[in-house]
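The values are calculated or read from the model by the stated rules, or taken from the named source; none is laboratory data. It should be emphasised that the depicted structure is a prediction, and the values quoted were computed from it without experimental measurement. Cβ coordinates were reconstructed from backbone atoms using ideal geometry, including for glycine residues, and neighbour counts include every protein chain displayed. Heavy atoms of the whole protein, side chains included, go into the accessibility calculation; ligands, DNA and RNA do not. Shrake-Rupley method; radii C 1.70, N 1.55, O 1.52, S 1.80 Å.
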Amino acid sequence: MKARSIMIQGTSSDVGKSLICTAFCRVFSNKGLRVVPFKSQNMALNSYVTLDGGEIGRAQGVQAEAARITATTDMNPILLKPKQDMVSEVIVHGKHFLDMNAKSYRSQFVQEAMPIIRKSVEKLQDEYDIIVLEGAGSPAEINLKDRDIANMRMAKLTDAAVILVADIDRGGVFASIIGTLALLDQEERDSVKGIIINKFRGMRELLDDGIEWVEKETGIPVLGVLPYLDVNIEAEDSLALSSLRFKKPKKAEFPIDVAVLRFPRISNFTDVDPFFDEPGVGVRLVSSVHELGNPDLLILPGTKNTMEDLEWLKRMGLDGAIDERRKQGTMIFGICGGFQMLGTKLFDPDAVEGDGENAEGLSLLPVETVFQAEKKTVQMEGLLSAGIMESQMNLNGFEIHLGRTTLKSQVRPFLLLKDGREDGAISNDNQVMGTYLHGIFHNRLFTRLLVNQIRRNKGLDEVKENVQSDSERREEAYNLLASHLEENIDMDTIYQWLQLESAES
């Protein structure tokens, strides 16, 4: 028997589709069902590396974990990663396919993608009981609908019951629901079986009249209203960078100040999420010398285009400011593209990053990078080099990068990898560090020790609280999400659609 399907679509981007899909995955898994997430085409800045080295959207990796299964590229067969203005890297089944501009992609590749997507769907339908599909953006983009392979075409392919999610926090929730439905054709509209209002703050009773009107106007039930929930699950979209979590701290609000450079093409920015959980640590995004201030820790995160973002950094005068902060004692940490920038030279002989020009780095670490067409995507584990912390420890995460970086003088690597390679570099005074290890700070003990090292340097007491592992935190978040959904949504109706036993069983 083929899997039954439910699909979460939204009135726009960032309405909470990914988290709601994650919640459904955990709810169905808790019920003992074999459930799998699926998104045909994902455009994401934050990605996830599968066990076999495939690159998929971060959301599908998280959803697979919530479903208690191993992520595969069938769960997100097409991934688009913005690289330059109107140009994205097209990743097919986890591997680089080509770089393509938006016009060519929609006119040439969309039809080529459908057989790839269909094959993945059929495989998942044969292996699981329930497929939880996630849409992209809005299904009502009338200028794109004939080439939209992420929304209603997927609902039709899988015979999915569609739930339309609207974000009340941004305002105009009823207009967004009515407007979206009005722009669907009759067959598409008929596939929408329910509505969820998400991110509600306030008195629930004040919505009753509006909900009653929407149900009468559309004939579609509002399945529930989800109160706003700040849950510790990684985002995949740059829209999440506007989150309140990144509000600029007041000067005296946090004793430890962590600044993160907001590159124009920032990627995998979820690497810094663990700092939000560290007591006494404030995290802020900066994109100018004025905003930089005098942080205790400056992080240069990943980027989809190292050369262009390095040029931006210099154009903004941040290169000189970073060098000055380093002299004043700021600790500097580069991840992936940020690590490459910390080196002395960057070479692009095959025009992988743009026009083939070479560039001078920030010269804070004696390393050189040569960009290569072949992308490195692999889960990795290694031993922290001696002397960085008071004790050595194993760290894990994943690599996603183009280029080979070599140490040019006597400088310690950051990690000694299990496969025999060396990763990253660290200055002799331990003040500048760089690594290709995405997820580095999700090694919570390392992050705590790093923060305590900064606290000692400032004459502050160390944080003594127990460190909870990242996996424990994620499990708590998945269970919280599942409870949140079940408490506020009419799950019995959804089980009826899927021809399953009631939520009480």
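Considering only ALA321, SER104, VAL49, the residue lying farthest towards the positive end of the dipole of the chain is ALA321, judged by Cα position with unit charges set on Cβ.
Lys and Arg at +1, Asp and Glu at -1: add these up for the other residues within a Cβ distance under 15 Å of LYS345 and post the number. Net local charge, LYS345 excluded: -4. Most tightly packed first, judged by the mean number of other beta-carbon atoms within 10 Å of their residues, the peptides 3-12, 152-161 read 3-12, 152-161.
Distances between placed amide hydrogens fall under 5 Å for PHE263 paired with no residue 5 or more residues away or on another chain. Placing +1 on the Cβ of each Lys and Arg and -1 on the Cβ of each Asp and Glu in the chain, which of THR377, ILE426, ASN452 has its Cα farthest towards the positive end of the resulting dipole? The listed residue farthest towards the positive side: ILE426. Contact order for the stretch 188-238, expressed relative to its length and based on alpha carbon pairs under 8 Å spaced 6+ residues apart, stands at 49 percent.
Accessible surface computed residue by residue for the stretch 84-212, with neighbouring protein chains in place and a 1.4 Å probe, gives 48 Å² per residue.
Think of the chain as having a plus end and a minus end, set by charges on the Cβ of Lys, Arg, Asp and Glu; of SER138, TRP312, THR344, THR344 sits farthest toward the positive end of this dipole.
Assuming charge only on the beta carbon of Lys and Arg (+1) and of Asp and Glu (-1), the dipole of the chain about its Cα centre is about 820 debye to the nearest 20. Residues whose amide H comes within less than 5 Å of that of SER5, counting only those at least five positions distant or on another chain, are ILE131, ALA161 (H built at 1.01 Å from N in the peptide plane). Whole-Hz Karplus values for the stretch 489-501 come out as 10, 6, 6, 4, 4, 5, 5, 5, 4, 8, 6, 10, 5 Hz, taken residue by residue from phi with 6.51 cos²θ - 1.76 cosθ + 1.60 and θ = phi - 60°; glycine and proline positions read x. When the solvent-accessible area of the chain is split by element, carbon and sulfur atoms take up 48 percent of it, the probe being 1.4 Å.
Of all DSSP beta bridges in the chain, what percent run antiparallel (nearest 5)? Expressed as a percentage, antiparallel bridges in the chain total about 45.
Under the convention that each Lys and Arg Cβ holds +1 and each Asp and Glu Cβ holds -1, the size of the dipole of the stretch 3-106 around its Cα centre is about 380 debye.
Short-range pairs are left out: with C-alpha atoms under 8 Å and at least six residues apart, the relative contact order of the chain is 14 percent. Evaluating 6.51 cos²θ - 1.76 cosθ + 1.60 at θ = phi - 60° for every residue in the stretch 37-45, the Karplus couplings come out as x, 7, 9, 4, 9, 10, 10, 8, 8 Hz, glycine and proline recorded as x. Working from Cα pairs under 8 Å separated by at least six residues, relative contact order for the stretch 89-227 is 18 percent.
Between THR330 and any residue 5 or more places off or on another chain, the built amide H atoms are never under 5 Å apart. Quick one: which of LYS376/LYS408; LYS375/LYS458; LYS199/LYS304; LYS17/LYS83 span more than 32 angstrom between C-alpha atoms? As for pairs spanning more than 32 Å Cα to Cα, those are LYS375/LYS458. Per residue, the accessible area of the stretch 374-505 comes to 49 Å², computed with a 1.4 Å probe over protein heavy atoms only. List the aspartates and glutamates whose Cα lies under 20 Å from the Cα of LYS123, skipping any in the same chain that are fewer than 8 positions away. Partners found: ASP52, GLU55, GLU65, ASP74, GLU112, GLU134, ASP159. Each of the GluC sites (Glu not before Pro) that DSSP puts in a loop and that has at most 15 other Cβ atoms within 10 Å breaks the chain; the longest unbroken stretch is 1-140.
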